[in-house]
Every structure is written in C-alpha cells, then in structure tokens.
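Written out below as structure tokens is the structure these notes cover.
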Amino acid sequence: MEHDRRFEGPSDLHLHSTHSDGTEAPALVMAAAHRHGLRTAALTDHDTTSGWAEAAEAATSLGMTFVPGMELSARHRWRSVHVLAYLIDPDDSGLRAMTDRIRSSRLDRAQIMAERISRDYDIAWDDIVAQTTDGATVGRPHIADALVARGIVADRTEAFASILHPSNDYYVALYAPDPVTAVELVVGAGGVPIVAHPAGRALLPDSVTAAMLDAGLAGFELGHRENLPEPTALLADLATERGLIVTGSSDYHGLGKPNVPGENTTTDDMVARIFALGRGAAPVFP
Ligand code: AMP
Ligand code: FE
Ligand code: FE
Ligand code: ZN
C-alpha cells in the first residue's frame with residue numbers, strides 16, 4: 001500500500017485539543033507533538049471530529065503525517081470505556097447520530113452537576129461556559145477548570161479526586177453506548193477501533209472484551225500511563241494470540257494533564273496496519 005511507505009515515526013496516536021478537554025487548539029497540539037520529535041500524530045478528541053481540518057493543516061505544514069481520529073465514549077455498567085476510532089468517515093450517519101447524542105447528554109449532565117456543586121460552592125454555569133471553547137465536547141475537565149478559576153481547587157487532578165469524583169453526590173453519568181455498540185459504529189463508519197487505556201483500574205470483564213472482538217475490535221492501547229502492569233501483560237498475551245493491533249500513546253491534554261506528547265509511541269508496523277484497515281478517512285501526508 002502506497003501510504004504505508006510514506007509516513008514516518010515516531011508516532012503518537014492519542015492527543016486532545018480544545019475541541020474536547022485539551023487546553024490547546026488543534027494547531028498548537030500538533031506544534032507540541034512536533035516539538036517533542038513526533039513525525040506522525042493523531043487528534044482524538046472526545047466524541048467529535050471538528051478539530052481535524054485545523055490539525056491536518058498544522059501537522060502537514062510542520063512536515064508531519066496527520067491521523068484523523070476520535071475517542072468515542074462508551075460505558076459498561078459503571079465503567080467508562082473509551083474507544084479510539086481511527087480513520088472513520090466523519091459524515092457517517094450512524095456514528096454522527098451517536099456522537100451528537102453523547103455531546104448533547106454531556107451538556108445536560110454538566111449543567112446538572114454544576115447546579116449540584118453550586119449548592120455548596122461559589123460556582124455558576126457561566127463559570128464552566130467560560131472554560132469551554134464554543135462547540136467543544138463538554139466534560140468534567142471544564143468543570144474542574146472552573147473550580148480552579150474560582151480558587152476552590154488547585155488543579156484538575158485535585159478536582160477529580162474530590163468534587164468531581166464519581167463517588168460524590170455531585171456526579172452524574174453521561175449517556176454513552178455499550179462498548180459493543182461503540183465498536184460496531186466505528187466499524188460501520190469504516191474506522192479502526194482500539195480500546196484506549198484498557199488496563200487501568202476498571203477492567204472490562206473478559207466476556208465484554210470477547211464480544212467487542214467479535215464486533216470487530218482491532219486492538220488495544222497498551223502503552224499508556226494509566227495502564228497497570230498485570231492487566232497490560234494479560235492483554236498483550238491476548239493481542240499476540242489473536243494477532244491484534246497494539247498501540248502506545250500519550251493522551252496529551254495540554255496543561256490539563258501531565259501527559260507529554262511522545263511519552264508512549266506506536267511502532268511503524270502497527271501504524272501501517274491501522275492505515276491499511278481504515279476506510280472512512282485517509283491519513284494526511286505532508
Ligand atoms: P467525563 O468524560 O466528562 O466524565 O470526564 C472524563 C475526562 O476527564 C477524561 O477524558 C480525562 O481526560 C479527564 N480526567 C480524568 N481524570 C482526570 C484527572 N485526574 N486529571 C485531569 N483530567 C482527568
Ligand atoms: Fe479527556
Ligand atoms: Fe480516555
Ligand atoms: Zn484521551
């Protein structure tokens with residue numbers, strides 16, 4: 001395949017911009033990736049593809065290959081599951097309907113959380129809007145930023161560990177499809193589904209992982225700072241056994257997290273496999 005020969009590593013396939021909960025615009029995210037020595041980078045904002053055009057332009061003008069991606073929200077019972085979706089058709093009606101629904105639910109949910117928090121803390125919905133770029137996928141990180149701006153917590157980490165923690169009465173779950181449906185939607189949009197940070201604290205039951213694989217799950221993001229050694233080793237064995245794709249990425253969020261572009265990377269042969277599988281959108285070469 002022609003494009004297999006044209007991209008160059010190192011490759012980081014998981015970065016966020018202000019189109020979701022990153023703190024930098026897509027062009028600045030690509031500039032950060034470039035500064036950290038990356039030659040190929042994806043933009044994977046939560047539940048939106050709206051940052052692609054700006055990121056593609058910035059990446060290619062810096063001589064980098066741009067990989068269009070998204071991090072699709074899903075949920076199994078109480079577990080939040082993130083499905084990375086590479087090379088999806090951004091106009092696919094099934095996937096669009098789902099991401100529209102998730103984003104709208106995220107907005108309602110953030111307003112309810114803000115209302116609950118405002119009973120105990122000096123914070124209003126306008127404070128959260130002020131932390132959110134117009135049209136962005138809204139999430140708890142924006143509420144965290146509002147709490148920081150009000151001097152209630154020091155940073156996002158403290159906000160997530162306290163006021164925004166799911167064990168708290170302020171917490172409201174967002175609407176998200178089950179993980180199998182999420183995989184089906186990504187496959188239906190011509191994309192390559194990979195489970196993000198699959199070996200953290202909230203492990204999926206094996207039966208759910210098996211059902212996701214049956215639905216076309218392509219692999220696992222095994223290189224991620226939130227993955228724990230033991231479950232990572234188990235999933236690595238499964239990946240080897242089944243010939244699955246494994247990736248490594250930073251999950252960069254600008255100033256929103258300590259994660260640094262390129263802190264984990266994906267090997268060239270795995271990037272080539274993703275490029276060969278994706279049919280909904282093409283990588284953008286410099
Ligand atoms: P939400 O999807 O709105 O429930 O928020 C989850 C998002 O918050 C994830 O995408 C993470 O990027 C971010 N997040 C989770 N924990 C933390 C943390 N401790 N510090 C900063 N961001 C976090
Ligand atoms: Fe995030
Ligand atoms: Fe995630
Ligand atoms: Zn992410």
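The values are calculated or read from the model by the stated rules, or taken from the named source; none is laboratory data. Keep in mind that what you see is a predicted model, and the values were worked out from it rather than measured. For neighbour counting, all protein chains shown are included, and Cβ atoms are generated from backbone atoms with ideal geometry for every residue, glycine included.
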Checklist entry - In the list Met70, Met30, which residue meets the criterion of being buried (at least 24 other Cβ atoms within 10 Å of the Cβ), part of a strand (DSSP E or B) and not aromatic (Phe, Trp, Tyr)? => result Met70
Next on the checklist: Could you go through segment 253-274 and let me know if any residue there is closer than 23 Å to Asp21 by Cα, in contact with a His (Cβ under 9 Å, 6 or more places away or on another chain), at pLDDT 95 or above and of a type in the set (Gly, Ala, Ser).
Outcome noted: yes
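Could you say which residue among His197, His165 is in a loop (DSSP other than H, G, I, E, B), within 27 Å of Asn259 (Cα to Cα) and within 16 Å of ligand 4 (Cβ to nearest atom)? Lay out the reasoning, then the answer.
Values: His165 fails: within 16 Å of ligand 4 (Cβ to nearest atom).
Among His197, His165, only His197 is in a loop (DSSP other than H, G, I, E, B), within 27 Å of Asn259 (Cα to Cα) and within 16 Å of ligand 4 (Cβ to nearest atom).
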Item to check | Test: Thr60 is among the β-branched types (Val, Ile, Thr), closer than 30 Å to Gly219 by Cβ, more than 15 Å from ligand 1 (Cβ to nearest atom) and out of contact with any helix residue (DSSP H, G or I) (no Cβ under 7 Å at 6 or more places or on another chain) | outcome: yes
Next on the checklist: Against the definition (under 16 Å from Thr23 (Cβ atoms), buried (at least 19 other Cβ atoms within 10 Å of the Cβ), within 16 Å of ligand 2 (Cβ to nearest atom) and hydrophobic (A, V, I, L, M, F, W, C)), how does Ala176 come out, yes or no?
Outcome noted: no
Item to check | Long-range neighbours under 8 Å by Cβ, at least six apart or interchain, first residue farther than 18 Å from Glu115 by Cα within segment 148-163, second outside any loop (DSSP other than H, G, I, E, B) | outcome: Ala154/Val148; Asp155/Ala144; Asp155/Val148; Arg156/Pro141; Arg156/Ala144; Arg156/Asp145; Arg156/Val148
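Given the criterion part of a loop (DSSP other than H, G, I, E, B), within 16 Å of the chain's Cα centre (by Cα) and modelled with pLDDT of 95 or more, identify the matching residue among Glu221, Glu226.
Glu226
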Checklist entry - Just to be sure, is Ala202 within 16 Å of ligand 2 (Cβ to nearest atom), touching a residue at least 60 places away in the same chain (Cβ under 8 Å), of a type in the set (Gly, Ala, Ser) and surrounded by fewer than 17 Cβ atoms within 10 Å (Cβ to Cβ)? => result yes
